[in-house]
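Accompanying notes for the structure given below.
The values are calculated or read from the model by the stated rules, or taken from the named source; none is laboratory data. On a predicted model such as this, the values are computed, not experimentally measured, just so you know. Every residue, glycine as well, gets a Cβ built from its backbone with ideal geometry; the counts of neighbours run over all protein chains shown. These area figures cover heavy atoms from the full protein model, side chains too; ligands, DNA and RNA do not enter into them. Shrake-Rupley method; radii C 1.70, N 1.55, O 1.52, S 1.80 Å.
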Amino acid sequence: MQVKTKAIVLSSLKYQEKSLIVKCFTQSNGLKTYFVRDAFSSRKSNQKIAYFQPLTILEIEAVHKNKGTLENFKEIKIATPFQTIHTDILKSTIVMFISEILHHSIHEEEKNEPLFIFLETALLWLDNHDQNANFHLILMLEITKYLGFYPDISEIEFPFFNLNEGFFTPFHGIGSLTEHETNLFKKLIPLKFDNDQKTFHVLERQIVLKTLIDYFSCHLDGFRKPKSLEVLAAVFS
């Protein structure tokens, strides 16, 4: 089956000397993994290695056999070239971290166009704005809406948030955040990308990030703590 679609690069892994295995989140078919032969060869000008940087937004033509095997690109081009993401150390670190989060969060080979559109819009916002200290926190919380475990905020006035159950509770039980952690989590919930980036101090931001990673771990099978977490912490310290 031949398809034309946009695709967001989640990861790329070198295979042997010249090839790549590239995992993409496509607008048309959800998660897909592609084999790129001779990706490091100048002869393949339409499959330059630069196309497969984390979270690059591509327009592709591909052959999808839909048999659980590696798929193949026919044509590739960058849909919207980033102007700052890959040259700004802060933004490139955020993108590296988010790509790991998505790599371990999106597992379904099925269409999820609302999530795709949200991610595309968020990445373009990041590319065009410099005040972005809370971007990764807001994005992580927002994508839980599309993955099915956004917190139940109907009783947000309660002092504790239970990570396992995903709701606020009057009692501190197994799987609950402390009252301080819960208050910080509550401050995150209404935030949008263009809100004041000074909502959290450095240590508070680290607490909120740990909360989000723990929350993902509770609700996604096989979710792993990103390797880039220490790099992110160093950049934002």
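Of note:
- Considering segment 65-85, the residues that are of a type in the set (A, V, I, L, M, F, W, C) and in a loop (DSSP other than H, G, I, E, B) include one that is farthest from the chain's Cα centre (by Cα), namely L70.
- Residues in segment 127-142 that are open to solvent by less than 70 Å² (accessible area, probe 1.4 Å), assigned to a helix (DSSP H, G or I) and either among the basic types (K, R) or touching a residue at least 40 places away in the same chain (Cβ under 8 Å) (or both): 8 in all.
- Residue in segment 35-42 that is over 14 Å from K74 (Cα atoms), in contact with a Lys or Arg (Cβ under 7 Å, 6 or more places away or on another chain) and crowded, with 16+ Cβ neighbours inside 10 Å present: no
- From the options T144, T178, residue that is within 30 Å of L126 (Cα to Cα) and polar (S, T, N, Q): T144
- Hits in segment 172-197 - residues which are of a type in the set (G, A, S) and exposed (fewer than 13 other Cβ atoms within 10 Å of the Cβ): G173
Let's see how each residue does on (1) within 19 Å of I138 (Cα to Cα); (2) touching a strand residue (DSSP E or B) at 6+ places or on another chain (Cβ under 9 Å):
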{"position": "I60", "(1), (2)": "no, yes"}
{"position": "T80", "(1), (2)": "no, yes"}
{"position": "L90", "(1), (2)": "yes, no"}
{"position": "E100", "(1), (2)": "yes, yes"}
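- Whichever residue in segment 75-93 is in contact with a helix residue (DSSP H, G or I) (Cβ under 7 Å, 6 or more places away or on another chain) and among the hydroxyl-bearing types (S, T, Y) and, among such residues, is modelled with the lowest pLDDT: T80
- Restricting segment 1-16 to residues that are among the basic types (K, R) and open to solvent by 100 Å² or more (accessible area, probe 1.4 Å), the residue that is nearest to the chain's Cα centre (by Cα) is K14.
- As a summary of the residue check, E110 satisfies the conditions (1) in a helix (DSSP H, G or I); (2) touching a residue at least 60 places away in the same chain (Cβ under 8 Å) except for the one numbered (1).
- Search result, residues across segment 65-83 that are open to solvent by 40 Å² or more (accessible area, probe 1.4 Å) and of a type in the set (V, I, T): T69, I78, T80
- All positions within segment 1-47 that are assigned to a loop (DSSP other than H, G, I, E, B) and modelled with pLDDT of 95 or more: Q27
- Some residue of segment 216-225 being open to solvent by 80 Å² or more (accessible area, probe 1.4 Å), at pLDDT below 95 and not in a loop (DSSP other than H, G, I, E, B): no
- Hey, E165 farther than 25 Å from E100 by Cα and in a loop (DSSP other than H, G, I, E, B) or not: no
- Among the residues listed as F160, F200, the single one being out of contact with any Pro (no Cβ under 6 Å at 6 or more places or on another chain), surrounded by 13 or more Cβ atoms within 10 Å (Cβ to Cβ), touching a residue at least 24 places away in the same chain (Cβ under 8 Å) and not acidic (D, E): F200
- Only listed residue being outside any loop (DSSP other than H, G, I, E, B) and open to solvent by 40 Å² or more (accessible area, probe 1.4 Å), chosen from A62, A50: A50
- Extreme residue, nearest to G148 (Cα to Cα), among residues of segment 100-126 that are open to solvent by 10 Å² or more (accessible area, probe 1.4 Å) and polar (S, T, N, Q): N112
- Verdict on L147 being open to solvent by less than 30 Å² (accessible area, probe 1.4 Å) and in contact (Cβ under 8 Å) with a residue 24 or more places away in the chain: no
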